[in-house]
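Q: I have a structure I would like to understand better, so I am pasting it below and will then ask my questions one at a time.
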Amino acid sequence: MLTHTERWAKAAILEVQEYVQLLAAVGRAVVTPPFYRRDVVLQFDAIGIGSLTVVSLTGFFTGAALALQTGQTLDRFGARTLVGQLVSASMIRELGPVLTALMLAGRVGSGIAAELGSMAVTDQINALRALGTDPVRKLVVPRVLAATMMAPVLTVIADTFAIVAGWIISVTSLGVGSSTYWTQVLEGLYLGDAWQGLVKPFVLGLVIGTIGCHVGLGTRGGTQGVGRSTTNAVVVASVLVIAVDFFLTPLLMRVLY
Amino acid sequence: MTLATERSPELDEALGPGSPVVVFDRVSLAFDENVVLRDISFTLIKGHSKIFLGASGSGKSTVLKLILGLLKPDAGVVWVNGERVDRLSEWELMKVRADLGMVFQEGALFDSLTVAENVGFKLLEEGMPEERVWSRVDEVLGFIGLAEFADRMPSELSGGQRRRVAIARAMSYKPRILLYDEATTGLDPITADTVDNEIIKLRDLEETSSIVVTHQLRDAFRIATHEAVRDGNEIRIVTAQGSKAEEAEFIMLKDGGIHFEGNAAALRASRDPYLRSFLS
């Protein structure tokens, strides 16, 4: 008989093994036919276009709050004019990718887990397999591709909204000149920052898509199970977003600067 | 596009009358410490039926999942149409599944697709020209009497209609083996009769071999003791006569093993206390 700890360890190892197997299956399915182009386009629309509002609002209000907060702090050093530099650098390098990914984990990760989870508990996934269709190719690949490819695009949009919001606050509340703000925005950025701002969301999007699919496909136990999977997908994806960002940041700094 | 009907003459000859289409040889399966199947062996002959009975959790549905290759046995061998499905990869299983149709509990219809799209799903996936797909979908929906429901969504159908659409989806690509997982559970007797009749018609008129998993004794005996006959343009369901009555066999599962195997008459005549209590 296995002890509680042994059972937990076995379940955890199995979970990781299944996740790695899913990643490998996705890798194979991306480069070998059949391809489900229509499903990919539909997912790009659902995940990319569908997340536009939430990501834009997140970027806008984060940029505005950041400008207000940093403006006050920079004042102490007589450096209020540097607010543009601070907003752009922190958004593009760190806050843009992470906040966008967290919003996607909440909106997209949960949606994928709920959708695939419902299909799993109603035997639709098994029905797909019984009809000779590979669920990884038909369901997982379009969602993972859409999450991975749309995350950088959405991050750029969030960054743009944040910088514009920072400009509005700087001009209206902090009394910083418009041209000063934009000059600082550009001066504070290096090419490495732009790359970092694009590579990070790419990896984070992959994490969100694959975790949502993995948790969704593994759903057991009816509607309660679907609820559990949805929560788990958001929690696991959010924690992983923060953790992956932490490990990715020094790596990218070493490579890009 | 290749329908299951268009396969090689050699395979057709090998799978002629009297040949086994599904063989289980000492199959065992356990989930952790829970033994689901223990040393199960049986053979399904082409055109015949096997009806699996047993209490909930006795492993009936697991048998179907093993045939489809959705699960792999821990021990033993599973042959389907001459292929050892227990050792095939998911990719290789796709070919075997082309000749298998499965009706899941509750139907398992794709809820984002219409009835017609559900029925034509596999044909479209295999690249059949759309015109031929919709013509086949019309034909199949007509066969099960749901032609006017083609554009409905599954959520707009009753339980019985969903099961019948699931049967239509399973038969659309003309598989030689049909698997029914609790196809009548939860249905009223009249609707259950309609579903039973479809199963009988497919077995006797389309010559499919079938495995029926159920704990509805009424439906099990109806399928085992009736046959479909053509009477001009009419199809009638009548009491099975002669050798036809012998072609459907019952398998009763208990505690992971086969507790009884035999035809309807033998099952009715059995004095085994467990069978008696199950039948009563």
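The values are calculated or read from the model by the stated rules, or taken from the named source; none is laboratory data. Keep in mind the model is a prediction, meaning the values are calculated, not measured. Counting neighbours? That spans all protein chains shown, and the Cβs are built from the backbone with ideal geometry, glycine included. The protein model used for the area step is the full one, side chains on, heavy atoms only, and it has no ligands, DNA or RNA in it. Shrake-Rupley method; radii C 1.70, N 1.55, O 1.52, S 1.80 Å.
Q: Choose one answer from A:LEU102, A:LEU217, A:LEU189: the residue with the largest mean-square fluctuation in a GNM of chain A with alpha-carbon springs under 10 Å.
A: Taking springs between Cα atoms under 10 Å, the residue moving most is A:LEU189.
Q: For a Förster distance of 30 Å, can you work out the FRET efficiency between the beta-carbons of B:VAL229 and B:VAL23, rounded to the nearest 0.05?
A: E between B:VAL229 and B:VAL23, to the nearest 0.05, is 0.50.
Q: Next question, about the same structure. Which of rounded, prolate or oblate describes the protein assembly as shown when judged by the alpha-carbon gyration tensor and an a/c cut-off of 1.5?
A: Taking the square roots of the gyration eigenvalues as a ≥ b ≥ c, the protein assembly as shown is prolate.
Q: For chain A, what is the relative contact order in percent, using Cα pairs closer than 8 Å and at least 6 residues apart in sequence?
A: 32
Q: Follow-up. Taking the Cα centre of the protein assembly as shown as origin, work out the dipole magnitude from +1 charges on Lys and Arg Cβ and -1 charges on Asp and Glu Cβ, in debye rounded to 20.
A: Result for the protein assembly as shown is approximately 980 debye, rounded to the nearest 20.
Q: Applying 1/(1 + (r/R0)^6) with R0 = 30 Å to the Cβ-Cβ distance of A:ALA9 and A:THR223, what FRET efficiency is obtained, to the nearest 0.05?
A: E(calc), rounded to 0.05, equals 0.55.
Q: Sticking with this one: With labels modelled as points extended 7 Å from the Cα through the Cβ direction, what inter-label distance (nm, one decimal) is found for B:SER89 paired with A:VAL31?
A: Taking the two extended label points, one gets 1.4 nm.
Q: Another one. Based on the mean of other Cβ atoms within 10 Å per residue, sort peptides B:119-125, B:252-258, A:11-17, B:130-136 so the most packed one is first.
A: Listed from highest to lowest mean packing, they are B:119-125, B:252-258, B:130-136, A:11-17.
Q: Hey, another quick one. If you place +1 on the Cβ of every Lys and Arg and -1 on the Cβ of every Asp and Glu, how big does the dipole about the Cα centre of chain A come out, in debye to the nearest 20?
A: My answer is approximately 380 debye.
Q: I've got another one for you. So for segment B:144-280, what percent of the C-alpha to C-alpha distances run longer than 23 Å?
A: Cα-Cα pairs in segment B:144-280 separated by more than 23 Å: 38 percent.
Q: Nearest 100 Å², what total accessible surface is buried between chain A and chain B (probe 1.4 Å)?
A: Protein heavy atoms only, the A-B interface buries about 1700 Å².
Q: If you don't mind, another one. To check you understand DSSP bridge types, tell me what percent of the beta bridges within chain B (both residues inside) are antiparallel, rounded to 5.
A: 60
Q: Order the peptides A:22-35, B:177-190 from the highest to the lowest mean number of other Cβ atoms within 10 Å of their residues.
A: Final packing ranking: B:177-190, A:22-35.
Q: Less than 16 Å from a label point 7 Å out along the Cα-to-Cβ axis of A:LEU57: which backbone N atoms in segment A:153-177 qualify, by residue?
A: A:158, A:161-162
Q: Now, a different point. Compare A:GLY78, A:GLY111, A:GLY192 in a GNM of chain A, Cα atoms joined below 10 Å, and give the one with the largest fluctuation.
A: A:GLY78
Q: Under the definition of partner shielding as Cβ atoms of other protein chains within 10 Å of a residue Cβ, what is the mean value for peptide B:178-189?
A: Mean number of neighbouring Cβ atoms from other chains: 0.
Q: While we're on this one: Going out from 0 in 5 Å bins, what whole percent of all Cα-Cα distances in segment A:203-246 drops into each bin?
A: P(r) over segment A:203-246, rounded to whole percents: 5, 26, 29, 20, 11, 6, 2, 0.
Q: Continuing with the same structure: How many Cβ atoms of partner chains, on average, are near each residue of B:93-103 if near means within 10 Å of its Cβ?
A: Rounded to a whole number, the mean comes out at 3.
Q: To the nearest whole number, what is the average tally of beta carbon atoms from other chains within 10 Å of the beta carbons of peptide B:132-142?
A: That average works out to 0.
Q: If R₀ is 60 angstrom, what is the calculated FRET efficiency for the pair A:GLU187 and B:GLU33, using the beta carbon separation as r and rounding to 0.05?
A: 0.35
Q: Just for the Cα atoms in segment B:107-174, what are the lengths along the principal axes, largest first, rounded to whole Å?
A: Dimensions of segment B:107-174 along the principal axes of its Cα atoms: 30, 23, 19 Å.
Q: Taking amide H positions as placed 1.01 Å from N in the peptide plane, with prolines and chain starts having none, which residues 5 or more places from B:SER41, or on another chain, fall under 5 Å of its amide H?
A: B:ARG26, B:VAL27
Q: Taking the Cα atoms of chain A alone, what are Rg (to one decimal) and Dmax (as a whole number) in Å?
A: When restricted to Cα atoms, chain A yields Rg and Dmax of 21.0, 72 Å.
Q: Treat every Asp and Glu Cβ in segment B:107-174 as -1 and every Lys and Arg Cβ as +1, leave all other atoms uncharged, and give the resulting dipole magnitude about the Cα centre to the nearest 20 debye.
A: Charge dipole, segment B:107-174, about its Cα centre: 360 debye, nearest 20.
Q: Sorted from largest down, what three extents in whole angstroms do the Cα atoms of chain B have along their principal axes?
A: Principal-axis extents of chain B (Cα, largest first): 54, 41, 38 Å.
Q: So what is the relative contact order for segment B:107-174, in percent, with contacts set as C-alpha pairs under 8 Å and at least six apart?
A: Relative contact order comes out at 51 percent.
Q: For a 24 Å ceiling on Cα separation, which of these pairs sit above it: B:LYS46/B:LYS95; A:LYS10/B:LYS254; A:LYS10/A:LYS200?
A: From B:LYS46/B:LYS95; A:LYS10/B:LYS254; A:LYS10/A:LYS200, over 24 Å: A:LYS10/B:LYS254; A:LYS10/A:LYS200.
Q: Counting DSSP beta bridges in the protein assembly as shown, what percent are antiparallel, to the nearest 5?
A: The antiparallel proportion sits near 60 percent.
Q: For segment A:215-222, what does the Karplus curve 6.51 cos²θ - 1.76 cosθ + 1.60, with θ = phi - 60°, yield as ³J(HN,Hα) per residue in whole Hz, taken in order and with x for Gly and Pro?
A: 5, x, 5, x, 5, 10, x, x
Q: How many percent of Cα pairs in segment A:86-237 exceed 26 Å?
A: 40
Q: Taking the Cα centroid of segment B:247-280 and of segment B:116-140, what is the distance between the two, rounded to the nearest whole Å?
A: Between the Cα centre of segment B:247-280 and that of segment B:116-140, the gap is 40 Å.
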